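In what follows, a structure is listed as structure tokens, so that the remarks can point back to it.
The values are calculated or read from the model by the stated rules, or taken from the named source; none is laboratory data. As the structure is a computational prediction, the values presented were derived from the model and not from experiment. Virtual Cβ from ideal backbone geometry, glycine too; neighbours counted across all protein chains shown.
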Amino acid sequence: AQADKLDDIIASGTLRCAVVLDFPPMGMRDANNEPVGFDVDYCNDLAAALGVSAEIVETPFPERIPALMSGRVDVGVASTSDTLERAKTVGFTIPYFAFEMAVTANDGAGIASYEGMKGHTVGAVAGTYEAIALEKQVQEWGEGEFRPYQTQADVFLALSQGQLDATVSTSTVAMANVKTGNFPGISVVGKAPFDTDYVALFTSRNEYGLINYLNLFVNQQIRTDRYAELYEKWVGGELPDLTVPNAYR
Amino acid sequence: MFDTALTTADLMFLAKGAGMTILVTAISVAIGTALGIAFGVIRVQFGAALTAPLTFVLDIFRSVPLLIQLVLANAFLGMVLKLQLSGFFVACMVLSLYTSAYCAEIVRGGIDAVPATTRRAARSLGMSWGQDMRYIVMPLATRVALPSWIGLALGVMKDSALVYVVQVTELLKSTQILITRLQEPLFLLMIGGAFYFLISFPLARFGGYLEKRWSND
Amino acid sequence: MFGYTFQWNQALARLPKMLDGAVVTMEVAVLSMLIGIAFAILLTLLRLSGSRPLRAIATGWVEIARNTPALFQIYMAHFGVASFGIHFSPFVSLLIGITFNNAGYLAENFRGALKAIPDTQTRAGRSLGMSQLQAFRYIILPQMLRISFLPMTNQMVWAVLMTSLGVTVGMNSDLYGVTQDLNALTFRTFELFAIAGVIFYIITKAITLSARLIAARLFRY
Amino acid sequence: MIEIQNVHKSFGHLEVLKGIDLTVEKGEVVTVIGGSGSGKSTLLTCINGLEPIDSGKILVDGVEVHAKSTNLNKLRQKIGIVFQQWNAFPHLTVLENVTLAPRKVLGMGKAEAEAIAEKQLKHVGLGDKLSTYPSRLSGGQQQRMAIARALAMSPDYMLFDEVTSALDPQLVGEVLETLKMLAEEGMTMICVTHEMAFARDVSNRVAYFHKGIMAEIGAPEQLFGDPQHPETKKFLASVR
Amino acid sequence: MIEIQNVHKSFGHLEVLKGIDLTVEKGEVVTVIGGSGSGKSTLLTCINGLEPIDSGKILVDGVEVHAKSTNLNKLRQKIGIVFQQWNAFPHLTVLENVTLAPRKVLGMGKAEAEAIAEKQLKHVGLGDKLSTYPSRLSGGQQQRMAIARALAMSPDYMLFDEVTSALDPQLVGEVLETLKMLAEEGMTMICVTHEMAFARDVSNRVAYFHKGIMAEIGAPEQLFGDPQHPETKKFLASVR
Ligand SMILES: Nc1ncnc2c1ncn2[C@@H]1O[C@H](COP(=O)(O)OP(=O)(O)OP(=O)(O)O)[C@@H](O)[C@H]1O
Ligand SMILES: Nc1ncnc2c1ncn2[C@@H]1O[C@H](COP(=O)(O)OP(=O)(O)OP(=O)(O)O)[C@@H](O)[C@H]1O
Ligand SMILES: [Mg+2]
Ligand SMILES: [Mg+2]
């Protein structure tokens, strides 16, 4: 039989993961500019399970799929929302993480809640779940402006500069960024009433063997409590439930 | 004036990015120039009609944003042809072709500037086409083309800032990575900009000097 | 034979949106060109002026525009100047960035063009009683614009291509931004960007062609 | 009346005019001859204030050209000047070349300016070239257009700086004819020229310049027939 | 011996040579005169194979120039040609201009090539200009250098195409002297020229070209003194 991706990875001895590195705490760089974060550890775990070494390939949000499609990476461990539209193109695993969405505002804008963003200039990272939802919301409100930036860093930079009044991001990112103290004058002001953003690993759509393996891996991470361990290490607090009530997957 | 958290390690990181910028530029300009000379010579030698397809293809590289060229080449080579190529390879490939498209025009202009009678004189002495090209046309065309070529090389260096889309961490990307961590956009951007300026400016001036000198005789 | 199945209808269904983006791209390019030409003329005059500081400012502008990446200039126009509390929308930032670049390159072209206009032209104008400004406006400027018409066309093409860098400052209504958003939604990278490439190609060809027509009408001498 | 009084003028270290004195009366035609670099062109550009002078005075109708208070743009309207070459504005038609200054400087209306321009262009024999661009004209026609352009400002004085020396020999005649016609109409003129026959036939006085000095001036018969200054003799011998 | 047999040649629709027959013997000097556009230059470039021909034959020492099997680069080594202008390779010194072909085409060593080049340059009077660049030479010197460059290949034939017509009058003489010297040394030459005196004094035969046809050929005394063809008469009348 023909060797599939899973065989290729094992044979090559290297697992190449697409990871977004300006998305703390999921992916970021330490003082030596080396990649660290939840997704980085997750990729390392996966590589260990496969018995190969891991290679982290930094991909900004908009470049995740091109990187996969061009064969530059084997798997995306990149906090990627599993939308149906995207699933027409790539193959998603079961969710490996779930985000709540939080609103972070510039203190000068006087925004206290999600609704308070109406009429303001808001932004998010281009190509993310929250960006797509927020842009739709702004259109519905019919006032204010939506701006997508290329990276999470640019979003928070714009927010702290006052170019944006508020942003919606995953609550983990929001907390992590506010905590660094790099961005003076911003605070988390509330939750965004979006559906829970389930994110999944992804690979080529027709690599059933690999997807099958990844599904089991995600499941094993939870069973062995490694998921909880990593969550505590990078995020902290209440562990999000990765299952959906009344559904199988 | 600047109170910065920038460490020497970070400066090394920037220097690495700068090294990548220079490497990508050097490879692309080298290959692109070689190709550009070939394309330019072919265009002059075989005339507009015969080389129309080549002209059309080269024209595309000058009419579509480099960003899109990179994304498309990346997607096409990887997704469609299923080639396992590094981002570095794709970046160099696209930039080389991009360079060659501009270079072909410059070469064509240079060759056209060599008077036909000078070439006839060479052939009349029994020189072959290749000898005429090598000893007469190329040295003369170089004088006409070199200033524009320097401009092109510098342009490619600046445009190489876009290869971040194929996961190559060059100077501007390194700067952005540090901005992400350190949140000192203005200071870091100034450093990045200054670096480009320091490479580009002296060379650009040199090009201008050559132009002035050679336009006199 | 390819491992990838093209789904052109998925992408083509989004063509109207992309064409809207193309209109915005043209808007930015045209505006940046018009304002850029105005500034380039100003820079040219400043570089000819007797005042050292004014000359230095103009030269600084030209050299920075020509010796740093356009991406850097656009990024600076948004995030850089915001460090001083000056905020521009993505559209305006992109416009400023490209205009800055256009003006720098064009000013350099204009300077070359001026060298090609004989001194006696100004003298002839002044001898007829024109002021320095009138002589520039009615005699030198039209000739300068004619000589630099081809470089101006090239710069216009550049301006169109540069709009693709707007995404770095939060722009998503231009052709590249629209394409990128659609890509995020559908992940049909190849098809979407291929279509965008074709649209860009058509735009630039249209520019070169119409420039040729305009030149033929405008410059009958 | 143009009065030039002890004018000195240097470019850097090079003294180009070393004390020139010359008075040109209304209706007079003065021709200036002399070797290359002797300062003839410089003198003309000083008269209409295109070049500053170092010392001395130039008075045009009693107004001091280089005085701070003088409105040069106004003064130049009464002094027409035509140069050796590059006179035509290449981006304008012949008619536009001639109407530009009347419209922009004098603020004339389009119709009025065109009427005057047409009259002057017919005067110099270019009545059929109104909508032609200068690049389509011969060198001689371009020079005549430049003359018409200057005349359209109704100047009181005309300065000509070797207006025929960039022309092919067969075109020289038509331009000289035009100058002659102007002289006969009573225009006050200073002509720098190498055309000795013209100088002899048309001018009231001929001045010979040598290295920044007006070595000799006199009626043409006298200067050509019996030159006093040794340099004049040498020069005249060399051109004949 | 150069044999030209019924040669026809067109550029597009324009027939430039309409059946030329001409044989030039060893040691002979043939001068070609004729109006502009009559095909003189074209004939020369056909002789050394720079231009293809449509029909007919050109034989040089019995070798057919336009035969497929002919090695043109080799053939051209024995036919030197000098054009009206732009002969010099501007990026090379005078010496390098002359040594280039002997070294690259004949594979000569540097020393040998330079010895020959110096000899030829002295021969044409440029012995003191060896390391000068052509831009520093007068037009006449450049043409003499081009002659030396052709001679350095030891050609059996020399073709000259109006080598003096782009020169200032005072430089024409020195180049013609050089041609005369070559003729006296017995070189076989075809000279296209407008210099009638030269044609008369130096050539064995003079050919008159008119609109692609060799209207008349004969000894100079005969052709100049008693032209047969009406066009020849007209032409000679116009140049005198
Ligand atoms: N703008 C200038 N700057 C410096 N030197 C100048 C300038 N204009 C003229 N000169 C010098 O002044 C001298 C006189 O020049 P001018 O043009 O008046 O001579 P001319 O008598 O008109 O000569 P020609 O017959 O060649 O026109 C020359 O040596 C010239 O090189
Ligand atoms: N490469 C070419 N392509 C097309 N037409 C050409 C070419 N070379 C020459 N001709 C034409 O062929 C005709 C003969 O040209 P040729 O140069 O042989 O004339 P000539 O007798 O040398 O004239 P002249 O005395 O002006 O040098 C002319 O009408 C010329 O325009
Ligand atoms: Mg003068
Ligand atoms: Mg000829």
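Can you list residue pairs whose Cβ atoms sit under 9 Å apart, with the first residue in the stretch E:138-151 being on the phi > 0 side of the Ramachandran plot and the second being of a type outside the set (Gly, Ala, Ser) and crowded, with 24+ Cβ neighbours inside 10 Å? Count only pairs 6 or more apart in sequence or on different chains.
Qualifying pairs under 9 Å: none.
What strands (runs of 3 or more DSSP E) lie completely within the stretch E:1-115 and have 3 or more residues being surrounded by fewer than 17 Cβ atoms within 10 Å (Cβ to Cβ) and either away from ligand 3 (no atom under 16 Å from the Cβ) or at pLDDT 95 or above (or both)? Reasoning before the result, please.
On the way: elements: E:2-11, E:14-24, E:29-34, E:55-60, E:79-82.
The qualifying strands (runs of 3 or more DSSP E) are E:2-11, E:14-24, E:55-60.
Say whether the condition of being in a helix (DSSP H, G or I) and surrounded by fewer than 24 Cβ atoms within 10 Å (Cβ to Cβ) is met by at least one residue in the stretch C:159-166.
Within the stretch C:159-166, none of the residues are in a helix (DSSP H, G or I) and surrounded by fewer than 24 Cβ atoms within 10 Å (Cβ to Cβ).
Among the residues of the stretch A:71-109 satisfying the criterion of being in a strand (DSSP E or B) and within 12 Å of chain C (Cβ to nearest Cβ), which is farthest from A:Cys17 (Cα to Cα)? Outline the logic, then answer.
Of all residues in the stretch A:71-109, those in a strand (DSSP E or B) come to A:75-81, A:90-106.
Adding the requirement that they be within 12 Å of chain C (Cβ to nearest Cβ) leaves A:76, A:80-81, A:90-92, A:106.
Numbers: A:Gly76: 5, A:Thr80: 13, A:Ser81: 16, A:Val90: 15, A:Gly91: 15, A:Phe92: 14, A:Asn106: 34 Å.
Looking at the filtered set, the residue picked out is A:Asn106.
Among the candidates D:Ser36, D:Ser55, D:Ser69, which residue alone is of a type outside the set (Val, Ile, Thr), over 14 Å from the mean Cα position of the chain (by Cα), away from chain C (no Cβ under 14 Å) and within 16 Å of ligand 1 (Cβ to nearest atom)?
Working: D:Ser55 fails: within 16 Å of ligand 1 (Cβ to nearest atom); D:Ser69 fails: within 16 Å of ligand 1 (Cβ to nearest atom).
Matching residue, one of D:Ser36, D:Ser55, D:Ser69: D:Ser36.
Conditions: (1) in contact with a Ser or Thr (Cβ under 8 Å, 6 or more places away or on another chain); (2) at pLDDT below 90. E:Asp226 meets all but one. Number of the miss?
(1)
So if I check each of C:Ala82, C:Ala70, C:Ala103, which one is within 11 Å of chain B (Cβ to nearest Cβ), among the small types (Gly, Ala, Ser), surrounded by 18 or more Cβ atoms within 10 Å (Cβ to Cβ) and within 14 Å of the chain's Cα centre (by Cα)?
Details: C:Ala82 fails: within 14 Å of the chain's Cα centre (by Cα); C:Ala103 fails: within 11 Å of chain B (Cβ to nearest Cβ).
Just a single option satisfies the conditions, and that option is C:Ala70.
In the stretch E:21-36, what count of residues is obtained for those that are within 15 Å of ligand 4 (Cβ to nearest atom) and in contact (Cβ under 8 Å) with a residue 24 or more places away in the chain?
Filtering the stretch E:21-36 for residues within 15 Å of ligand 4 (Cβ to nearest atom) gives E:31-36.
With in contact (Cβ under 8 Å) with a residue 24 or more places away in the chain added as a condition, the list becomes E:31-35.
Number satisfying all stated conditions: 5.
Considering E:Leu236, E:Leu171, E:Leu159, which residue is in contact (Cβ under 8 Å) with a residue 12 or more places away in the chain, of a type outside the set (Phe, Trp, Tyr) and over 30 Å from E:His13 (Cα atoms)? First the steps, then the outcome.
Details: E:Leu236 fails: over 30 Å from E:His13 (Cα atoms); E:Leu159 fails: over 30 Å from E:His13 (Cα atoms).
Step by step, each of E:Leu236, E:Leu171, E:Leu159 is checked, and only E:Leu171 is in contact (Cβ under 8 Å) with a residue 12 or more places away in the chain, of a type outside the set (Phe, Trp, Tyr) and over 30 Å from E:His13 (Cα atoms).
Taking the stretch D:132-162 as the search range and keeping residues that are farther than 18 Å from D:Phe89 by Cα and within 16 Å of ligand 1 (Cβ to nearest atom), which one is nearest to the other protein chains (Cβ to nearest Cβ)?
At the first step, the residues of the stretch D:132-162 found to be farther than 18 Å from D:Phe89 by Cα are D:154-159, D:162.
From what is left, the residues that are within 16 Å of ligand 1 (Cβ to nearest atom) are D:159, D:162.
Values: D:Leu159: 9, D:Glu162: 12 Å.
The selected residue is D:Leu159.
Report yes if C:Gln155 is more than 8 Å from every other protein chain (Cβ to nearest Cβ), within 18 Å of C:Val28 (Cβ to Cβ) and not hydrophobic (A, V, I, L, M, F, W, C), otherwise no.
Numbers: more than 8 Å from every other protein chain (Cβ to nearest Cβ): yes; within 18 Å of C:Val28 (Cβ to Cβ): yes; not hydrophobic (A, V, I, L, M, F, W, C): yes.
Yes.
Name, by its number, the condition in (1) within 14 Å of another protein chain (Cβ to nearest Cβ); (2) away from ligand 2 (no atom under 16 Å from the Cβ); (3) small (Gly, Ala, Ser) that does not hold for E:Ser165.
Only one criterion in (1) within 14 Å of another protein chain (Cβ to nearest Cβ); (2) away from ligand 2 (no atom under 16 Å from the Cβ); (3) small (Gly, Ala, Ser) is unmet by E:Ser165, namely (2).
Is at least one residue of the stretch D:116-123 more than 30 Å from D:His13 (Cα to Cα), at pLDDT below 90 and touching a helix residue (DSSP H, G or I) at 6+ places or on another chain (Cβ under 8 Å)? Steps first, please.
Step one: filter the stretch D:116-123 for residues more than 30 Å from D:His13 (Cα to Cα), giving D:116-123.
Narrowing further to those that are at pLDDT below 90: D:123.
Going one step further and asking which of them are touching a helix residue (DSSP H, G or I) at 6+ places or on another chain (Cβ under 8 Å), we end up with D:123.
The answer is yes; a qualifying residue exists.
Might you check whether a residue that is buried (at least 22 other Cβ atoms within 10 Å of the Cβ), within 14 Å of chain C (Cβ to nearest Cβ), more than 20 Å from D:His91 (Cα to Cα) and more than 16 Å from ligand 2 (Cβ to nearest atom) occurs anywhere in the stretch D:174-190?
Within the stretch D:174-190 (the criterion being buried (at least 22 other Cβ atoms within 10 Å of the Cβ), within 14 Å of chain C (Cβ to nearest Cβ), more than 20 Å from D:His91 (Cα to Cα) and more than 16 Å from ligand 2 (Cβ to nearest atom)), the answer is yes, since at least one residue qualifies.
Between E:Ala150, E:Ala146, which is within 16 Å of ligand 4 (Cβ to nearest atom), surrounded by 22 or more Cβ atoms within 10 Å (Cβ to Cβ), under 16 Å from the mean Cα position of the chain (by Cα) and assigned to a helix (DSSP H, G or I)? Quick ask: steps written out before the conclusion?
On the way: E:Ala150 fails: within 16 Å of ligand 4 (Cβ to nearest atom).
Going through E:Ala150, E:Ala146 in turn, just one is within 16 Å of ligand 4 (Cβ to nearest atom), surrounded by 22 or more Cβ atoms within 10 Å (Cβ to Cβ), under 16 Å from the mean Cα position of the chain (by Cα) and assigned to a helix (DSSP H, G or I): E:Ala146.
Scan (1) in contact with a Lys or Arg (Cβ under 8 Å, 6 or more places away or on another chain); (2) facing another protein chain (nearest Cβ under 7 Å); (3) not polar (S, T, N, Q) for the single condition B:Val137 breaks and write down its number.
(2)
Checking the conditions here, which among A:Ala166, A:Ala200 is under 26 Å from C:Thr186 (Cα atoms), among the aliphatic types (A, V, I, L, M) and in contact (Cβ under 8 Å) with a residue 60 or more places away in the chain?
Numbers: A:Ala166 fails: under 26 Å from C:Thr186 (Cα atoms).
Sole residue among the options that is under 26 Å from C:Thr186 (Cα atoms), among the aliphatic types (A, V, I, L, M) and in contact (Cβ under 8 Å) with a residue 60 or more places away in the chain: A:Ala200.
For the stretch B:29-85, how many residues meet the condition of being part of a helix (DSSP H, G or I), more than 25 Å from B:Met133 (Cβ to Cβ), modelled with pLDDT under 90 and not hydrophobic (A, V, I, L, M, F, W, C)?
Final tally of qualifying residues: 2.
Looking only at the stretch B:124-137, how many residues end up being surrounded by fewer than 21 Cβ atoms within 10 Å (Cβ to Cβ) and either of a type in the set (Lys, Arg) or touching a strand residue (DSSP E or B) at 6+ places or on another chain (Cβ under 8 Å) (or both)?
1
Of all the residues that make up the stretch A:162-189, how many are at the interface with chain B (Cβ under 9 Å from one of its Cβ atoms) and modelled with pLDDT of 90 or more?
Here the count works out to 0.
With D:Thr178, D:Thr164 as the choices, which residue is assigned to a loop (DSSP other than H, G, I, E, B) and in contact (Cβ under 8 Å) with a residue 24 or more places away in the chain?
Working: D:Thr178 fails: assigned to a loop (DSSP other than H, G, I, E, B).
Checking each option against the conditions leaves just D:Thr164.
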